[in-house]
Amino acid sequence: MMADTNPVPSTVSGDFEPRIVAFLCNWCSYAGADLAGISRIQYPPSIRVVRVPCSGRVDPFYILKALQQGADGVLVSGCHPGDCHYLTGNYVARRRFAVLHDLLGFFGIEPGRVSFSWVSAAEGERFAEVVREVTERVRALGPSNRLADARLTEKAERAG
Ligand code: FES
């Protein structure tokens, strides 16, 4: 799922640059990101985009897996209410997000690391603004290695 080919850690010489996995709905938010790029609207290079058919296809497990594999934050973005190309996918996504958001603390993850937004294909500037906000929120939280560290510790213990 998360194919980060960049071996450079997210902290380079003390400056923390968050790595944020962004699950973007193909029909709206991905097109909004595309519009931001075409319009040369500046936003932080912190996101790694995963294009999905609909925000309703983002399983909460994908979000946890991204965090486990080293992402500092996750953004899920879909069509505005009433605009989902599969009618109710974005409502399903919003409900799942609300439940997951409440459970993150239980897993030891700051809820601010996971964000949900609506961005349409015509909202390049809004997309850039969402990325700026999410990046600043995650930057303020600092690197998230909790799940990755737990996994490495578990592996090391198993190896003896
Ligand atoms: Fe965009 Fe469903 S098609 S959220």
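The values are calculated or read from the model by the stated rules, or taken from the named source; none is laboratory data. Keep in mind it's a predicted model, so treat the numbers as computed, not measured. Backbone-built Cβ (ideal geometry, glycine too); neighbour counts: all protein chains shown. Side chains included, ligands, DNA and RNA excluded: accessible areas come from the protein's heavy atoms. Shrake-Rupley method; radii C 1.70, N 1.55, O 1.52, S 1.80 Å.
Descriptive notes on the structure:
- Fully extended contour minus Cα-Cα distance, from residue 140 to residue 106, at 0.36 nm per residue: 10.2 nm
- Under 16 Å from a label point set 7 Å out along the Cα-to-Cβ vector of residue 15, no amide N atom of segment 63-99 is found.
- For segment 83-96, the Karplus equation 6.51 cos²θ - 1.76 cosθ + 1.60, evaluated at θ = phi - 60°, returns couplings of 10, 4, 5, 10, 6, 10, x, 6, 6, 4, 4, 5, 5, 4 Hz by residue, with Gly and Pro reported as x.
- Counting only DSSP beta bridges with both residues in segment 11-79, the antiparallel share comes to about 15 percent.
- Of all accessible heavy-atom area on segment 29-112, the percent that carbon and sulfur account for (1.4 Å): 58 percent
- In this structure the amide hydrogen of residue 50, modeled in the peptide plane, comes within under 5 Å of the amide hydrogens of 22, 23, 24, none closer than 5 places in sequence on its chain.
- Per residue, segment 90-141 exposes 51 Å² of accessible surface when a 1.4 Å probe is rolled over the protein heavy atoms with every protein chain present.
- Phi-based couplings in Hz for segment 126-139 (Karplus 6.51, -1.76, 1.60; Gly and Pro marked x): 5, 4, 4, 5, 4, 5, 4, 4, 5, 4, 5, 5, 6, 4
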